[in-house]
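Scroll down for the structure; my scribbles are underneath it.
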Amino acid sequence: MKGRRKSLDTFDGQLLNFFDKINTTGDCWIWQAAINKGGYGTCRFFQKKWLAHRLSWYLFFGDFDKSLSVCYWCNNPSCVRPQHLYLGTQIDNMTYMKQCGRQPNNVGELNPNAKIDIRAVNEIRGLRNAYRQVISETVRRLGLCECHVQRIANEQFWVSPSEKLEGGTDKAVEEIKKRLSL
Ligand SMILES: [Zn+2]
């Protein structure tokens with residue numbers, strides 16, 4: 001650990017500071033620093049306040065439409081592992097939380113809408129699965145590699161085409177770790 005300390009004025013220093021607060025030994029990467037009432041990690045990145053999982057998305061995938069939610073596949077609000085996150089609308093987040101039996105933390109926009117029941121969830125999922133299949137077939141037809149298919153189908157569903165599709169999350173994590181000598 002010694003000797004790899006970088007100045008907090010630098011991007012790598014901030015990144016290292018972020019990694020220092022994560023326990024990456026399990027499948028989920030558990031946030032070890034401040035947690036808010038909703039169970040989400042909180043932190044600062046260059047003085048700006050972030051929810052840790054949103055910052056994780058930003059660091060690994062780049063800038064995103066901040067009106068979207070960073071949601072969990074793993075249903076663990078203290079997790080910041082990029083592979084366990086996906087970008088979605090608040091409705092996506094709500095339906096998935098509800099389906100997993102997790103209670104939403106907020107009211108207002110996040111309040112469960114009576115119209116969203118399990119049938120609606122299944123319908124949405126069915127459409128998504130169909131869409132995934134179309135994506136897979138299209139990507140294969142275009143001669144791209146399987147990792148792109150996986151990434152598009154599983155994790156990047158809501159990301160606009162302008163967001164990067166090269167590499168994959170694992171590669172991004174490895175590159176960042178290598179850069180920081182972690
Ligand atoms: Zn997780």
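General remarks:
- Residues within the stretch 56-78 that are more than 15 Å from the ligand (Cβ to nearest atom) and under 21 Å from residue 34 (Cβ atoms), tallied: 4
- Some residue of the stretch 87-96 being within 15 Å of the ligand (Cβ to nearest atom) and more than 26 Å from residue 180 (Cα to Cα): yes
- Any hit, the stretch 99-110, residues being at pLDDT 85 or above and either closer than 26 Å to residue 14 by Cα or in a loop (DSSP other than H, G, I, E, B) (or both): no
- Within the stretch 1-52, the set of residues being out of contact with any Leu (no Cβ under 9 Å at 6 or more places or on another chain), of a type in the set (D, E, K, R) and in a loop (DSSP other than H, G, I, E, B) comprises 2, 9, 21, 27, 37.
- Looking across the stretch 1-51, the residues that are surrounded by fewer than 17 Cβ atoms within 10 Å (Cβ to Cβ), more than 23 Å from residue 175 (Cα to Cα) and within 16 Å of the ligand (Cβ to nearest atom) come down to 35, 38, 39.
The values are calculated or read from the model by the stated rules, or taken from the named source; none is laboratory data. Keep in mind that what you see is a predicted model, and the values were worked out from it rather than measured. Backbone-built Cβ (ideal geometry, glycine too); neighbour counts: all protein chains shown.
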